[in-house]
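The block underneath contains the structure these notes are about, expressed in structure tokens.
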Amino acid sequence: MAITVTSAKTRVEQKLGALSDVTEARWIAMAQDLNEILYDEMLNADPDRFKTTQNYTVTTDSQTSALPADYQDAKQWGCGFFVIDSDGKEQERLIQTGFSSSNKGYYLDGSNVVFTGINASTIVKLRYVPMLTAISSMSSSFIVPDRFKELVTQGLIKIYYEEYEDPRQYDADAKFARLLGQLIDSIPRSPKVYNLSSRYSAY
């Protein structure tokens, strides 16, 4: 069962009482802020669970193709553009080049990718990290499993207190950091080395 903004709002108000000063639009904005924090932390802990791919057929030098609509970046380990051989295996990783380059590679141009130095029909696979789906309504769901509903509750309380500079924000921040640590500890790590740095130091 997913944690929706509505269900999280109910849990927050069970703890703090009715928050008549928070409009529906503000609940959605706070939920989006929190979901972005959770996504960044989960992505940092195990990027492989979020990575996805898209294939391109490149036939001419300086071919321009659109990046995926949900493209965020390809900075994580194992991401990038890869030439695919006839057996469907990754043959080589393309290097980043630049405008008018004759070297085999690519460069990004806004929401497009431009392939350079490729003059024969070639399949190129992009492995990338997608953008987080935005929370747009009270029925939208958080990215974390249902068992972490207390994490979501404390996260929203923390954001609410911070906005009003309530001194209770420090206690809420500590609770949130502890629960966030439990979430990160629950994520199975892929057998690779990642940067596990976090803005929260409680874990």
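Please go through segment 1-42 and give me each residue that is among the hydrophobic types (A, V, I, L, M, F, W, C) and free of Cβ contacts under 8 Å to residues at least 12 places away in the same chain, ordered by number.
If we filter segment 1-42 for residues that are among the hydrophobic types (A, V, I, L, M, F, W, C), which is where we start, we get 1-3, 5, 8, 12, 16, 18-19, 22, 25, 27-31, 34, 37-38, 42.
ALA18, ALA25, ALA29 - these are the residues of segment 1-42 that are among the hydrophobic types (A, V, I, L, M, F, W, C) and free of Cβ contacts under 8 Å to residues at least 12 places away in the same chain.
I'd like the full set of residues that are on the phi < 0 side of the Ramachandran plot and either aliphatic (A, V, I, L, M) or part of a strand (DSSP E or B) (or both), limited to segment 74-90.
Of the residues in segment 74-90, the ones on the phi < 0 side of the Ramachandran plot are 74-77, 79, 81-87, 89-90.
If the condition is that a residue be on the phi < 0 side of the Ramachandran plot and either aliphatic (A, V, I, L, M) or part of a strand (DSSP E or B) (or both), then ALA74, PHE81, PHE82, VAL83, ILE84, GLU90 are the ones that fit.
With respect to GLU24, is the statement that it is within 18 Å of the chain's Cα centre (by Cα) and not β-branched (Val, Ile, Thr) true? I'd like the intermediate steps shown before the answer.
Numbers: within 18 Å of the chain's Cα centre (by Cα): no; not β-branched (Val, Ile, Thr): yes.
Considered against the rule, which asks whether it is within 18 Å of the chain's Cα centre (by Cα) and not β-branched (Val, Ile, Thr), GLU24 comes out as no.
If ASP48 passes every condition in (1) more than 22 Å from SER141 (Cβ to Cβ); (2) surrounded by fewer than 18 Cβ atoms within 10 Å (Cβ to Cβ) but one, which one does it miss?
For ASP48, the failing item is (1).
I need the full set of residues from segment 91-149 which are more than 30 Å from THR23 (Cα to Cα), in a loop (DSSP other than H, G, I, E, B) and hydroxyl-bearing (Ser, Thr, Tyr), in order please.
Here is the first cut: in segment 91-149, the residues more than 30 Å from THR23 (Cα to Cα) are 91-129.
Imposing the further condition that a residue be in a loop (DSSP other than H, G, I, E, B) reduces the set to 94, 97-104, 110-111, 117-121.
THR97, SER100, SER101, SER102, SER111, SER121 - these are the residues of segment 91-149 that are more than 30 Å from THR23 (Cα to Cα), in a loop (DSSP other than H, G, I, E, B) and hydroxyl-bearing (Ser, Thr, Tyr).
Can you work out which of the residues in segment 51-60 that are farther than 17 Å from THR133 by Cα and surrounded by 15 or more Cβ atoms within 10 Å (Cβ to Cβ) is farthest from the chain's Cα centre (by Cα)?
VAL58
Going through segment 56-73 one residue at a time, which ones are in a strand (DSSP E or B) and among the polar types (S, T, N, Q)?
Kept after step one, since they are in a strand (DSSP E or B), are these residues of segment 56-73: 56-58, 63-66, 71-73.
THR57, GLN63, THR64, SER65, GLN72, listed by residue number.
Values in this text are rule-based calculations from the coordinates and carry no lab data. Computed from a prediction, not measured in an experiment: that's the story for all the values here. Because the Cβ atoms are built from the backbone with ideal geometry, glycine has one as well, and the counts that use them run over all protein chains shown.
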